[in-house]
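Visitor: To start, I am sharing the structure in question, which I have written as C-alpha cells.
The values are calculated or read from the model by the stated rules, or taken from the named source; none is laboratory data. In this text, all values refer to a predicted model and were calculated from it rather than measured experimentally. Positions of Cβ are backbone-derived with ideal geometry, glycine not excepted, and every protein chain shown enters the neighbour counts. Each accessible area value is taken on the protein alone, full model and side chains, heavy atoms only, with ligands, DNA and RNA left out. Shrake-Rupley method; radii C 1.70, N 1.55, O 1.52, S 1.80 Å.
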Amino acid sequence: MPEPRFTLALVTSADGFIARTPGEPPQAWASAEEQDLFFAEVAAADWSIMGRHTHEAADRPERRRIILSTGAGGWRRPTQLWLNPEKLGPSDLAARVGAVHPMRNGLILGGTRVHDWFHAAGAIDIVKLTVEPISFGAGLPVFSGQAAADPVQVFQAAGYRAITDEPLNAGGTRLVTLRPRGAAEG
C-alpha cells in the first residue's frame, strides 16, 4: 500500500493563533464558511489525527481518530486509537490502523505539538489554512515558539509556499492552500 498523504487543516486568527486557550473549539470563533470546509475535509479523510486537547474539545465517538498523547495508548473505542508519538513517526500510523480502516488520506487537526511533530518529520503534504479576520493578541500558536504573526508568513518561514489564496466570505475570511517548497503540484 502506498504511503498515506497528510493534509494539515487549520483555522487561525489573523495574528497566527489556533485558539486562545487549550481546548477552545474553533466553532466558538470561526466563520460558517470555515466550518463547512472543515466538515468536508473531515468527511473526505480516512483518519483524523490530533492531540488530546483537540480531541476533547470536540469528542466524536463515531469518527475515526488517532489521538497523539504522552499518556497511555491503545484502542479506547473501536475507531479511536491513542498513541504516544515519542517513538513513532507519521509513516508508522497507517500500519497501526489498517486493520480497522486503511489510511490513504490522513487529516492533521492539531494542536501545536501535533503540527510540530508532522512538520519535523517532513510529512505535511498540503496545508489548508483558513485565516479569520480577528486577532487574539496571544494564544496557541501554529508551531511551538511562534509569536503573533501573519499565519501565511509563519508557514512560509517554515518552508511552505502558497499555491492559492481565495476569499471565503465578504467578511474577510480567506482560504490559503500551501505546499512544502519543492513539492510537486498535484
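Visitor: What pairs come up if the first residue lies in the stretch 27-49 and is farther than 15 Å from ASN105 by Cα, the second is open to solvent by less than 50 Å² (accessible area, probe 1.4 Å) and among the small types (Gly, Ala, Ser), and their beta carbons are under 7 Å apart, counting only those six or more places apart or on different chains?
Guide: Pairs that qualify, where the first residue is farther than 15 Å from ASN105 by Cα and the partner is open to solvent by less than 50 Å² (accessible area, probe 1.4 Å) and among the small types (Gly, Ala, Ser): there are none.
Visitor: Which residues, counting only those in the stretch 8-45, are among the β-branched types (Val, Ile, Thr) and surrounded by fewer than 21 Cβ atoms within 10 Å (Cβ to Cβ)?
Guide: Matches in the stretch 8-45: THR21, VAL42.
Visitor: Yes or no: the stretch 133-141 includes at least one residue that is exposed (fewer than 14 other Cβ atoms within 10 Å of the Cβ), touching a Phe, Trp or Tyr at 6+ places or on another chain (Cβ under 7 Å) and at positive phi.
Guide: no
Visitor: Continuing with the same structure: Can you name the condition, by its number, that LYS87 falls short on among (1) within 24 Å of LEU37 (Cβ to Cβ); (2) surrounded by fewer than 22 Cβ atoms within 10 Å (Cβ to Cβ); (3) not hydrophobic (A, V, I, L, M, F, W, C)?
Guide: (1)
Visitor: Tally time: how many residues in the stretch 143-186 are out of contact with any Lys or Arg (no Cβ under 8 Å at 6 or more places or on another chain), under 17 Å from ILE124 (Cα atoms), among the hydrophobic types (A, V, I, L, M, F, W, C) and open to solvent by 40 Å² or more (accessible area, probe 1.4 Å)?
Guide: Qualifying residue count, the stretch 143-186: 3.
Visitor: Could you run through the stretch 44-58 and say how many residues are in contact with a Lys or Arg (Cβ under 9 Å, 6 or more places away or on another chain) and farther than 22 Å from ALA99 by Cβ?
Guide: Within the stretch 44-58, residues that are in contact with a Lys or Arg (Cβ under 9 Å, 6 or more places away or on another chain) and farther than 22 Å from ALA99 by Cβ number 1.
Visitor: I would also like to ask the following. Any residue at all in the stretch 100-107 that's more than 22 Å from THR164 (Cα to Cα) and crowded, with 22+ Cβ neighbours inside 10 Å?
Guide: yes
Visitor: Sticking with this one: I'd like to check something: does the stretch 59-74 contain any residue that is in contact (Cβ under 8 Å) with a residue 24 or more places away in the chain and surrounded by fewer than 19 Cβ atoms within 10 Å (Cβ to Cβ)?
Guide: no
Visitor: Something else now. What number of residues in the stretch 129-148 are under 18 Å from the mean Cα position of the chain (by Cα), in contact (Cβ under 8 Å) with a residue 40 or more places away in the chain and part of a loop (DSSP other than H, G, I, E, B)?
Guide: Matching residues across the stretch 129-148 total 4.
Visitor: Looking at this structure, is ALA95 farther than 14 Å from ALA14 by Cβ, part of a helix (DSSP H, G or I) and without any contact (Cβ under 8 Å) to a residue 12 or more places away in the chain?
Guide: So ALA95 fits the description; yes.
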